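The values are calculated or read from the model by the stated rules, or taken from the named source; none is laboratory data. Everything numeric here is computed off the predicted structure, so don't read it as measured data. Neighbour counts run over all protein chains shown; Cβ positions are idealised from the backbone, glycine included.
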Amino acid sequence: MNIFLDIETIPCQHAGFKDTIEIKPPGTLKKAESIAEWERETKPGLVEEAYLKTSFDGGLGQICAVAWAIDSGDVEWLYTPNNSPEAVREILQDLFSELIRAYDNSDRPVLIGHNIASFDIPFLWKQAVIYNVKPPFWFPKNPKPWDSYIYDTMTQWDVKNFVSMDKLCKILGLPGKEGISGADVWPMIQEGKWEEVGVYCARDVERTRRLYKRMTFGG
């Protein structure tokens, strides 16, 4: 059984977290006025950059949408209606329940995604621990791209260099992204576009399935 999987995430939602981010001025700045100028002009942008990067950290960031498809079945998707812990817990419970229900007690499912080994799977596992939602017994914790129960379209294409899903789709002549990228997810959430993010996640699963079929010469 193949499970095509994708998640969307947002930065840390802990109250006051951004204020705890510490970034020191460059050591080359010695004068008080130069340091003060750096604090005023440069530091805020660096703090924001560091904050946004927490969306890639399963221990600090937060899942906001997930989509999956079993073999050639329809793409299913879920999204959180808000950024509360209860909403995250519910989306994890629903996802794992669906994966458990789909498992046919035969061979271990193969999880397929783009950068799934380094990002999606570890992020989901950490979120499961944080929110105390037990994943299926076969769900991996820290997989390697070459594991038999993983197919990572990114590393299968190029194990050394990062290639975006959109770029790989274009290389293979497949429909790419539709004007939205992962960088747009947090701004969309801030605008209340929760469902739109869910739809975007679902479309990424379909793109992943097309990549997989092409890369395994299945169509």
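Below, the figures for the structure above:
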| quantity | calculated |
| --- | --- |
| Meets criteria (out of contact with any Asp or Glu (no Cβ under 7 Å at 6 or more places or on another chain), over 30 Å from Asn132 (Cβ atoms) and surrounded by 13 or more Cβ atoms within 10 Å (Cβ to Cβ)) for Ser55 | no |
| Any hit, segment 133-147, residues being surrounded by fewer than 16 Cβ atoms within 10 Å (Cβ to Cβ), modelled with pLDDT of 95 or more and under 29 Å from Val88 (Cβ atoms) | yes |
| Pairs where the first residue, in segment 94-110, is in contact (Cβ under 8 Å) with a residue 24 or more places away in the chain and under 16 Å from Ala65 (Cα atoms) and the second is part of a strand (DSSP E or B) and of a type in the set (Asp, Glu), C-beta under 7 Å, 6+ apart | Glu98/Glu76 |
| Residue under evaluation Tyr103, criteria (1) closer than 21 Å to Asn142 by Cα; (2) surrounded by 15 or more Cβ atoms within 10 Å (Cβ to Cβ); (3) at pLDDT below 95; (4) under 22 Å from the mean Cα position of the chain (by Cα), criterion not met | (4) |
| Cβ pairs under 6 Å, 6+ apart, first in segment 18-44 and without any contact (Cβ under 8 Å) to a residue 40 or more places away in the chain and of a type outside the set (D, E, K, R), second in a loop (DSSP other than H, G, I, E, B) and surrounded by 14 or more Cβ atoms within 10 Å (Cβ to Cβ) | Ile35/Pro25; Ile35/Leu29; Trp38/Pro25; Trp38/Leu29 |
| Some residue of segment 8-20 being surrounded by fewer than 14 Cβ atoms within 10 Å (Cβ to Cβ), among the β-branched types (Val, Ile, Thr) and modelled with pLDDT of 85 or more | yes |
| Neighbours by Cβ (under 7 Å, 6+ apart or cross-chain): first from segment 65-91, in contact (Cβ under 8 Å) with a residue 40 or more places away in the chain and assigned to a helix (DSSP H, G or I); second surrounded by 19 or more Cβ atoms within 10 Å (Cβ to Cβ) and not aromatic (Phe, Trp, Tyr) | Val88/Gln62; Val88/Ile63; Val88/Thr80; Val88/Gln127; Arg89/Val133 |
| Some residue of segment 176-185 being farther than 12 Å from Asp6 by Cβ and in a helix (DSSP H, G or I) | yes |
| Members of segment 13-33 found to be closer than 24 Å to Gly61 by Cβ and hydroxyl-bearing (Ser, Thr, Tyr), listed by number | Thr20 |
| Those residues of segment 179-201 which are among the acidic types (Asp, Glu) and within 15 Å of the chain's Cα centre (by Cα), in sequence order | Asp184 |
| Members of segment 158-206 that are surrounded by 15 or more Cβ atoms within 10 Å (Cβ to Cβ) and among the acidic types (Asp, Glu) | Asp166, Asp184, Glu196, Asp204, Glu206 |
| Failed criterion for Glu49 (all others in (1) more than 17 Å from the chain's Cα centre (by Cα); (2) touching a residue at least 24 places away in the same chain (Cβ under 8 Å) hold) | (2) |
| Check on Asn142, more than 19 Å from Thr9 (Cβ to Cβ) and part of a loop (DSSP other than H, G, I, E, B) | no |
